[in-house]
1. Check B:234, B:250 and return the single one that is more than 9 Å from chain A (Cβ to nearest Cβ), buried (at least 19 other Cβ atoms within 10 Å of the Cβ) and either touching a helix residue (DSSP H, G or I) at 6+ places or on another chain (Cβ under 9 Å) or free of Cβ contacts under 8 Å to residues at least 24 places away in the same chain (or both).
2. Does the range B:44-66 hold any residues that are more than 21 Å from the chain's Cα centre (by Cα), surrounded by 13 or more Cβ atoms within 10 Å (Cβ to Cβ) and not in a loop (DSSP other than H, G, I, E, B), and which are they?
3. How many residues does the range B:19-43 contain that are farther than 23 Å from residue B:113 by Cα and part of a strand (DSSP E or B)?
4. Restricting to the range B:204-231, what's the tally of residues that are assigned to a helix (DSSP H, G or I) and at the interface with chain A (Cβ under 9 Å from one of its Cβ atoms)?
5. Check whether at least one residue in the range B:99-116 is surrounded by fewer than 24 Cβ atoms within 10 Å (Cβ to Cβ), in contact with a strand residue (DSSP E or B) (Cβ under 8 Å, 6 or more places away or on another chain), more than 14 Å from residue B:323 (Cβ to Cβ) and without any contact (Cβ under 8 Å) to a residue 60 or more places away in the chain, and report yes or no.
6. Only one of these conditions is not met by residue B:283: (1) at pLDDT 85 or above; (2) assigned to a helix (DSSP H, G or I); (3) over 12 Å from the mean Cα position of the chain (by Cα). Which number is it?
7. Being under 23 Å from the mean Cα position of the chain (by Cα) and in contact (Cβ under 8 Å) with a residue 60 or more places away in the chain is the filter here, so list the residues in the range B:198-228 that pass it.
8. Could you list, in sequence order, the residues of the range B:253-271 that are touching a residue at least 12 places away in the same chain (Cβ under 8 Å) and not in a helix (DSSP H, G or I)?
């Protein structure tokens, strides 16, 4: 089995109250995943008065789900610090605690990102030796996929943080692509050695010396993300969050232009009908819901953030991602690699 | 005339040797601009043995162009510092000097960005009171266009630099859109006040106090760039360059998916034929060449950088942008606004 789990031994804990739609996207989302993987089990946390009416529509999903009623919710615009203080008994906190206690293998939430990270840090704790947990996602590229981190957990980081991100990302890419030594690039403003901020150049120096679970490629630029130049793109949460949101925006602009063009004339609309299947595939390829799921990395437990605006399809993608990582023993692998990193003088120096 | 120049009094100086194609994109590019604006004049710097064979194809363009032979060229991969030392007599330097001496109203080059900025700083000098010249471009949005800066000239900036960028950008947006008080947003990782790096939060504090040629909107995120939330997006060169290149990459990925979808079946190709005009408009809207041109802002002279990989269409867009700014007395307007900024205590404090 080489470290992979059977799906029937996996339980995912769900904070059903997060995001714009709460249970209305979470429960139908679980139904989508359940269809493909009927052996998975779910612990669902939230308002049972909203959950049961939805869950009762899916008999077979109900059979593998346990609902835990909660009366309080962390609001999407609450500051992480204050959310943390008043988090006892909320759907989010209980769902995270289910992972800490071992009842679940991963938690998925589309709630307040800052609050979820704060809670995950306090309840699950960072892995030994990890300074800053980070958020990672998988992006589509021309040649496959790329893992990118940090997407916004840490605005200010130092060179060592970035090196740890490289290790975390390489484990993720290995699970995701099966590659033995994924290539890792540092996001920068140019590929020349002397360019860029201190923390990025410092990380480059360390990464070119140490032995780790990936292969250090060098600096990459923003356009390398979608080109698929490397398997892992490492950056700080400031540039990472801006790049992520910019990419979302450009993708939406493309869809907008596309719709406008097709609707511009009757002939175009007729042509659009003929090419319907192809154009639908095109729209699907731009669909951010299918790449949904920010993985919190470097914690003692698996936590996946679904986009707050995502519907059932998006929520299902995030749950699938959590299952994939749980199945491949992601946390244990990360812990091993971080331990290996911490034994190396060139990292500690 | 309210400060606008006649096109027949405008001369643009051209470094014809930059970018991937040198004169092969620059001269046909000038021919495109010349067709629409036959009254413009050009000073062309570069290797006459490559320029004349191209220029001779366009009789009427030749009549408004003066070629200055240069034997040396700044290479695209040369470090700015060493490029500067050996820049005497190069096409780039002479083209910039033509603006300094008043022979030309603006210079356009598709050469080495770092070298061009270094040369422009030394030859044209920053405007009095400007600490850091920046690079700005116009981006398409769902509702129109947005000016964004800095796109890579300054990796490290402080709050006051960002405030100056806001002023520079607002003048650009005013010329570009005609709006009297363009809205200005600071690019950040979230819209809450307490988020983001120090220099961004510091700039927010100053911008909300001072009186300037724009209206301070607040923080914006990466997806606001293409949404058109504000007329001007202000950021440092690190995040700005990464956002710019990420946007380029996503735009290319969209085009790639689109082509792949249309070629996926004979029916789709037939539909594509019917919708040919509309789909061509779609591709045009994604065409980065039509938004080509990085404007160097805060200098005592107009300098526009054309993308190194751009062809004649792209080069023509950059030249058009330089003409638009020259025509509206951009440099004088910026100088006035910066002077106004520097008289305000809340900026200097």
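1. On the way: B:250 fails: more than 9 Å from chain A (Cβ to nearest Cβ).
The conditions single out B:234.
2. Step one: list which residues in the range B:44-66 are more than 21 Å from the chain's Cα centre (by Cα), which gives B:46-66.
From what is left, the residues that are surrounded by 13 or more Cβ atoms within 10 Å (Cβ to Cβ) are B:46-48, B:50-52, B:54-55, B:58, B:61-62, B:64-66.
Once the filter is applied, which keeps residues that are more than 21 Å from the chain's Cα centre (by Cα), surrounded by 13 or more Cβ atoms within 10 Å (Cβ to Cβ) and not in a loop (DSSP other than H, G, I, E, B), the range B:44-66 yields B:46, B:48, B:50, B:51, B:52, B:54, B:55, B:61, B:62, B:65, B:66.
3. Going through the range B:19-43 one residue at a time, the tally reaches 1.
4. Of the residues in the range B:204-231, the ones assigned to a helix (DSSP H, G or I) are B:204-207, B:222-227.
Checking the rest, the ones that are also at the interface with chain A (Cβ under 9 Å from one of its Cβ atoms) come to B:222-227.
Residues meeting the conditions: 6.
5. First, the residues of the range B:99-116 that are surrounded by fewer than 24 Cβ atoms within 10 Å (Cβ to Cβ): B:100-103, B:113-114.
When the remaining residues are screened for being in contact with a strand residue (DSSP E or B) (Cβ under 8 Å, 6 or more places away or on another chain), the result is B:103, B:113.
Keeping just the survivors that are more than 14 Å from residue B:323 (Cβ to Cβ) gives B:103, B:113.
Filter again for without any contact (Cβ under 8 Å) to a residue 60 or more places away in the chain, leaving none.
Checking the range B:99-116: not a single residue is surrounded by fewer than 24 Cβ atoms within 10 Å (Cβ to Cβ), in contact with a strand residue (DSSP E or B) (Cβ under 8 Å, 6 or more places away or on another chain), more than 14 Å from residue B:323 (Cβ to Cβ) and without any contact (Cβ under 8 Å) to a residue 60 or more places away in the chain.
6. Looking at each condition in turn, residue B:283 falls short on (1).
7. B:212, B:213, B:225, B:226, B:227, B:228
8. The initial filter retains those residues of the range B:253-271 that are touching a residue at least 12 places away in the same chain (Cβ under 8 Å), namely B:254-255, B:258, B:262.
Residues satisfying the conditions do not exist here.
The values are calculated or read from the model by the stated rules, or taken from the named source; none is laboratory data. If you're wondering where the values come from, they're calculated on a predicted model, not measured in any experiment. Here the Cβ is made from the backbone with ideal geometry for all residues, glycine too, and neighbour counts use every protein chain on show.
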